[in-house]
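Here is the structure we will look at.
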Amino acid sequence: METTTGAGRRTGWYVDDRCTDCDVARQLAPGLVEEREGRSVVVRQPHGEAEERQLLTAALACPTRSVRPPGGRLDQRWPDPFPLPVDDGVLLCGHNSRHTAGANSYLLRRPAGTWMMIDTPRFAERLAQRYEALGRCTDVLLTHRDHAAHGRRWADRLGARLWIHEGDLDAAPGADRVLRGTEPSDIAEGVRVFPLPGHTRGSVLYVADERYCFSGDSFYWARTLEDLEVAQSVTWYSIEELAASLARTVDALRFEWLLPGHGSRKRLPAPEMARRLHRLTERIAGCRPQPVDFAALRW
């Protein structure tokens, strides 16, 4: 648990009162950081170097920098683990931004040795230099308007093309590539985009190599349910439209890794992932609009 001295000074890792309950720290330090009354708290102090590293990773991903070590300050003794490998072809960027609601972002390796960035972390020059060292980034792929805040800056800094769907174009009016309509299309070898209006008018998901699905905020893995879920209470555009989009698209989707903007990542065999996605599509077919309620999200 979070601990203090008699004088009120912190003696261990803790989460400060800027926490927005975005779930990022809980994804990266499970068993050490948990949800309590609408915010994250450190429920147990780390035992050993591996658990200390988990909390460091959570601290550097937290968009409000609310996860703090003993004494309150991260310093040069703490090496930055990001970008963090998720699988052979995907890295998690970390350094989530308050301006994208704390969304996760990813780097996708392509066979030629180049990279694509899906959504973005907060912008920092030292991060750009780190990504450049990996190889050339050709494209910054935005899944929807909520994650567009840093897109243009990242694309310009990396010499990459910025992509967004026409339905959310006003969030990135200077985009280099504008996706249109609702039909899936190939945007690069092995990379296919599926327009999925619902969470926003211009929401899309990207599937690479029939292995990785970058779903933005359209659906995610809910740890509490141990299943796929949609964020119904924060579906800004239309939950009915999201249900229709999934019904139209579900038979064409094949992937093993679910890599969302919010919520947990999950790998399952492709047939099992497809079975669960069909079940999710059936489950939300009867959903109706409800008031916006962040507290109703089931992480």
Which one of these is among the basic types (Lys, Arg), out of contact with any Leu (no Cβ under 6 Å at 6 or more places or on another chain) and surrounded by fewer than 23 Cβ atoms within 10 Å (Cβ to Cβ): 265, 223?
223
I'd like the full set of residues that are at pLDDT below 95, open to solvent by 50 Å² or more (accessible area, probe 1.4 Å) and either among the small types (Gly, Ala, Ser) or assigned to a helix (DSSP H, G or I) (or both), limited to segment 233-253.
none
Any residue at all in segment 180-193 that is touching a residue at least 60 places away in the same chain (Cβ under 8 Å), within 25 Å of residue 22 (Cα to Cα) and in contact with a Lys or Arg (Cβ under 7 Å, 6 or more places away or on another chain)?
no
Looking across segment 77-90 at residues that are open to solvent by 20 Å² or more (accessible area, probe 1.4 Å) and not in a loop (DSSP other than H, G, I, E, B), the single one that is nearest to residue 110 (Cα to Cα) is 87
Can you name the residue in segment 103-123 that is modelled with pLDDT of 95 or more and among the hydrophobic types (A, V, I, L, M, F, W, C) and, of all such residues, is surrounded by the fewest Cβ atoms within 10 Å (Cβ to Cβ)?
123
Those residues that are touching a residue at least 60 places away in the same chain (Cβ under 8 Å) and part of a loop (DSSP other than H, G, I, E, B), I need them from segment 33-76; list them, please.
38, 70, 71, 72
Being small (Gly, Ala, Ser), touching a strand residue (DSSP E or B) at 6+ places or on another chain (Cβ under 9 Å) and more than 26 Å from residue 112 (Cβ to Cβ) is the requirement here; does residue 215 meet it?
no
Take the residues of segment 41-80 that are out of contact with any Cys (no Cβ under 9 Å at 6 or more places or on another chain) and of a type in the set (S, T, N, Q): which is farthest from residue 15 (Cα to Cα)?
76
Strands (runs of 3 or more DSSP E) enclosed by segment 144-193 - at least 2 residues per element that are open to solvent by 40 Å² or more (accessible area, probe 1.4 Å) and modelled with pLDDT of 95 or more
177-179, 185-188
Scan segment 60-78 for residues that are in contact with a helix residue (DSSP H, G or I) (Cβ under 8 Å, 6 or more places away or on another chain) and either among the hydrophobic types (A, V, I, L, M, F, W, C) or at pLDDT below 90 (or both) and jot them down.
61, 62, 67, 74, 78
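The values are calculated or read from the model by the stated rules, or taken from the named source; none is laboratory data. If you're wondering where the values come from, they're calculated on a predicted model, not measured in any experiment. All Cβ positions, even for glycine, are placed from backbone atoms using ideal geometry, and neighbour counts span all protein chains on display. These area figures cover heavy atoms from the full protein model, side chains too; ligands, DNA and RNA do not enter into them. Shrake-Rupley method; radii C 1.70, N 1.55, O 1.52, S 1.80 Å.
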